Amino acid sequence: MSHSKGSLFYFILFYFVSFSDLTFFIVDFVNEDTELLKDAIESHGGLVVCSSFKGIADYAVVPLSGAELSQTATEIVTHLWIVSIVCILS
């Protein structure tokens, strides 16, 4: 019975949790890591914005060591949060 409940949980996550309609800006990563994060976000429906973005991004993605932000975001997350969500969505 618990297997069924678990399957339902992942079904709900897969269909109702995504990056669709969410904006992200990526801060203080080397170019290669920035591209990997950008690909992961965009392949799951998110939009990565550049430094000239004038609105408030939904998420700022920063390294574990933190970063100074030059833009405003509703939430600040690390790359590990992105990886964990992408694993759930995949």
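The values are calculated or read from the model by the stated rules, or taken from the named source; none is laboratory data. Every value quoted in this text rests on a predicted model; they were computed, and no experiment measured them. Every residue, glycine among them, receives a Cβ derived from its backbone with ideal geometry; neighbour counts consider all protein chains shown.
Candidates are the residues of segment 41-56 that are touching a residue at least 12 places away in the same chain (Cβ under 8 Å) and more than 13 Å from SER20 (Cα to Cα); the one that is nearest to the chain's Cα centre (by Cα) is VAL49. Of the candidates SER20, SER84, the single residue that is exposed (fewer than 10 other Cβ atoms within 10 Å of the Cβ) and either modelled with pLDDT under 95 or part of a helix (DSSP H, G or I) (or both) is SER20.
Within segment 57-90, the set of residues being of a type outside the set (Val, Ile, Thr) and under 14 Å from SER20 (Cα atoms) comprises ALA57, ASP58, TYR59, LEU89.
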